[in-house]
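Peer 1: Take this structure first; my questions come after.
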Amino acid sequence: MGQRRGKYSDDELEAAVQAVLARARMTTVRDDTEIPYNTLKKYVLDARKCVKRDKRCPGPKTLLSKEAEENLRDWVLGRQHAGHPVVRHELLEKAQQIAHLVSGLTVGEGWLRRFIERHPSLTLRAS
């Protein structure tokens, strides 16, 4: 079994980066904090370039805003509660309309699959 990742807090990482920037040796800081050398090096380089590294999920942002996705989810749930479940093509069509209005971009089957993964409370009718 592999080693557990991220056994340090954001505050510990920030303190370690500041220690290295204050001329402490990176290997000494690594040994004292148990922060991996490569992780420490990456954050120190970013700090020297005045770049703030974001620790959120990797990958591209969603095409629709969180609010737009929540509205779409509420629309699907409302239709389900009213006894008119939504089929895949209806949801995709509605998402296309919203995406076109918001960003001028289009959504496809991949977006639909990830949308359903992000909102597990949804079930679509198989037409």
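Peer 1: If you scan the stretch 98-112, which residues turn out to be under 17 Å from ARG73 (Cα atoms) and either surrounded by 11 or more Cβ atoms within 10 Å (Cβ to Cβ) or acidic (Asp, Glu) (or both)? Don't jump to the end; show me each part of the working.
Peer 2: Step one: list which residues in the stretch 98-112 are under 17 Å from ARG73 (Cα atoms), which gives 98-99, 102, 107-112.
ILE98, ALA99, VAL102, VAL107, GLY108, GLU109, TRP111, LEU112, listed by residue number.
Peer 1: Now for a separate question. Out of all the residues in the stretch 26-47, which are in contact with a Lys or Arg (Cβ under 8 Å, 6 or more places away or on another chain) and among the hydroxyl-bearing types (Ser, Thr, Tyr)? Before the answer, list the steps.
Peer 2: Here is the first cut: in the stretch 26-47, the residues in contact with a Lys or Arg (Cβ under 8 Å, 6 or more places away or on another chain) are 26, 34, 36-37, 40, 42-43, 46.
Result: TYR37, TYR43.
Peer 1: Give the residue, chosen from THR106, THR28, that is closer than 30 Å to LEU13 by Cβ and of a type in the set (S, T, N, Q). Don't jump to the end; show me each part of the working.
Peer 2: Numbers: THR106 fails: closer than 30 Å to LEU13 by Cβ.
None of the others qualify; the one that does is THR28.
Peer 1: Right, next: Scan the stretch 35-47 and report the pairs whose first residue is farther than 11 Å from ALA15 by Cα and whose second residue is surrounded by 13 or more Cβ atoms within 10 Å (Cβ to Cβ) and of a type in the set (S, T, N, Q), with Cβ atoms within less than 9 Å and a gap of 6+ or a chain change.
Peer 2: ALA47/GLN18
Peer 1: If I ask for residues that are out of contact with any Phe, Trp or Tyr (no Cβ under 7 Å at 6 or more places or on another chain) and surrounded by 11 or more Cβ atoms within 10 Å (Cβ to Cβ), which ones from the stretch 28-38 would you list? Don't jump to the end; show me each part of the working.
Peer 2: Initial filter on the stretch 28-38 (out of contact with any Phe, Trp or Tyr (no Cβ under 7 Å at 6 or more places or on another chain)): 28-29, 31-32, 36-38.
Once the filter is applied, which keeps residues that are out of contact with any Phe, Trp or Tyr (no Cβ under 7 Å at 6 or more places or on another chain) and surrounded by 11 or more Cβ atoms within 10 Å (Cβ to Cβ), the stretch 28-38 yields THR28, VAL29, ASP31, ASP32, PRO36, TYR37.
Peer 1: OK, next. Conditions first: (1) modelled with pLDDT under 90; (2) more than 19 Å from LEU63 (Cβ to Cβ). LEU105 passes all but one, so which condition is the exception?
Peer 2: (2)
The values are calculated or read from the model by the stated rules, or taken from the named source; none is laboratory data. Please read these numbers as outputs of a predicted model, since none were measured by experiment. Virtual Cβ from ideal backbone geometry, glycine too; neighbours counted across all protein chains shown.
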